[in-house]
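Asker: Here it is: the structure, laid out below.
The values are calculated or read from the model by the stated rules, or taken from the named source; none is laboratory data. Just so we're clear, the structure is a prediction, and the values are computed from it rather than from any experiment. Glycine gets a Cβ as well: all are built from the backbone with ideal geometry, and neighbour counts include every protein chain shown. To get the accessible areas, we keep the full protein, side chains included, count just its heavy atoms, and leave off ligands, DNA and RNA. Shrake-Rupley method; radii C 1.70, N 1.55, O 1.52, S 1.80 Å.
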Amino acid sequence: MILVASVIVAAALYLALKSKYNEEIHLKVEMFLNTYSTSKPTRYTFSEVKKITRRFNNKLGQGGFGSVYKGELSNGVPVAVKVLENSKGEGQEFINEIATIGTIHHANVVRLLGFCSEGSRRALIYEFMPNASLEKYIFSQASDTCCREKLIPNRMLEIATGIAKGIEYLHQGCKQRILHFDIKPSNILLDYSFKPKISDFGLAKLCARDQSIVTLTAARGTMGYIAPELYSRNFGMVSYKSDVYSFGMVVLEMMTGQSSSDPQTENKNDVYIPEWAYDKIITGQELELIREITQEEKDIMRKLAIVALWCIQWNPANRPSMTKVVNMLTDSLKSLKMPPKPFVSSFG
């Protein structure tokens, strides 16, 4: 009897504390929403969200912060609804999304159309991107080569330039500088004409436009795309240059169709993509992988590789700003200089 009573008391205490914790998060979110700009996106009730998604019957995918469903607004506009089922960080990722993309509009940043916040039930409503994410086309299976074949050199250059312009806007074009900290293929969405749009600002950080260095208590981002300085300050200070590094890794993956492995990989048969690209350029070898391409397409591939290798320099000071990256992508190949070796060789 004593044991049963103890379990009941413990369970009751846990539920009471959890309820209090959830209420504190709810108050934090509501306080933010009440003090935020009146130009924020439309607020919906959870019942309206269920109606928009037809009771969540068309799931598009699963993200780190919840599930994404296809829906339709009352005016017929198709949308993607992200339901934050397992919201972490005391609602911070929800606040980040609204605080960052809630009031900005750019051709290469996904538009946030609305949101829902009812207690612990929160959702974000975005414009719908019919061609899904860049990840689908980079890492398509052998049985789905049509996806990979859509990434012809000209389209790669257009996508890379669009992503670069989007990041440049976040860094330089907003009232506050927005550091994304999670640039990766799955967070690059493609519209009907394959125009790229940056999404998922759950890890973003706001800072003053003239503030170059930021303080983080822990590394944030996704393995393979996280800049070295986020792991160790021995490589330099954390800044907007961390997004530049992630961009460079995305471009290399887009070119090769392979995931960027860690340079210190134990399997010596694994190809470390930055090293592969650097060696190809140094030796003057061609970079095409899928089919025969024209000289113009070869030049595009070489340009993309050079820009990407500049972006993934281990020393942040050696990486270009995104404004410089946009200029490099739109300039001629002849105007580009070869970057220094941007990594510690995995082969000694």
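Asker: Which pairs have Cβ atoms under 9 Å, sit 6 or more apart or on different chains, and link a residue in segment 279-300 that is closer than 18 Å to ARG155 by Cβ and surrounded by 11 or more Cβ atoms within 10 Å (Cβ to Cβ) to one that is basic (Lys, Arg) and at pLDDT 80 or above?
Answerer: Qualifying pairs under 9 Å: LEU287/LYS298; LEU287/ARG302; GLU288/LYS298.
Rundown of residues vs (1) closer than 29 Å to GLU149 by Cα; (2) open to solvent by 20 Å² or more (accessible area, probe 1.4 Å); (3) in a loop (DSSP other than H, G, I, E, B), yes/no style:
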site	(1), (2), (3)
ILE178	no, no, no
LEU189	yes, yes, no
TYR192	yes, yes, yes
ASP200	yes, yes, yes
ASP210	no, yes, yes
THR222	yes, yes, yes
LEU230	no, no, no
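Asker: I've got another one for you. Please go through segment 302-312 and give me each residue that is of a type outside the set (Phe, Trp, Tyr) and under 21 Å from GLY166 (Cα atoms), ordered by number.
Answerer: Across segment 302-312, the qualifying residues are LYS303, LEU304, ALA305, ILE306, VAL307, ALA308, LEU309, CYS311, ILE312.
Asker: Among the residues of segment 98-119 satisfying the criterion of being open to solvent by 30 Å² or more (accessible area, probe 1.4 Å) and outside any loop (DSSP other than H, G, I, E, B), which is modelled with the lowest pLDDT?
Answerer: GLU118
Asker: Among the residues of segment 152-173, which ones are among the acidic types (Asp, Glu) and more than 15 Å from SER242 (Cα to Cα)?
Answerer: GLU158
Asker: Restricting attention to segment 121-140, which residues are part of a loop (DSSP other than H, G, I, E, B), surrounded by fewer than 17 Cβ atoms within 10 Å (Cβ to Cβ) and modelled with pLDDT under 90?
Answerer: Of everything in segment 121-140, just one residue is part of a loop (DSSP other than H, G, I, E, B), surrounded by fewer than 17 Cβ atoms within 10 Å (Cβ to Cβ) and modelled with pLDDT under 90, namely PHE139.
Asker: Out of the residues in segment 79-97 that are farther than 10 Å from ALA123 by Cβ and open to solvent by 60 Å² or more (accessible area, probe 1.4 Å), state the one that is modelled with the highest pLDDT.
Answerer: GLN92
Asker: Something else: Run ALA164 past the list (1) assigned to a helix (DSSP H, G or I); (2) modelled with pLDDT under 95; (3) in contact with a Phe, Trp or Tyr (Cβ under 8 Å, 6 or more places away or on another chain); (4) not basic (Lys, Arg) and report the number of the one that doesn't hold.
Answerer: (2)
Asker: Additional query: Only one residue in LYS324, LYS303 is among the basic types (Lys, Arg) and free of Cβ contacts under 8 Å to residues at least 40 places away in the same chain, so which one is that?
Answerer: Going through LYS324, LYS303 in turn, the sole match is LYS324.
Quick grid of which residues meet (1) within 19 Å of SER332 (Cα to Cα); (2) among the aliphatic types (A, V, I, L, M):
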position	(1), (2)
PRO153	yes, no
GLU158	yes, no
GLY162	yes, no
LEU170	no, yes
ASP182	no, no
ASN187	no, no
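Asker: Here's another thing I want to ask about it. If you go through segment 252-278 one residue at a time, how many are in a loop (DSSP other than H, G, I, E, B), under 12 Å from PRO185 (Cα atoms) and at pLDDT 75 or above?
Answerer: 3
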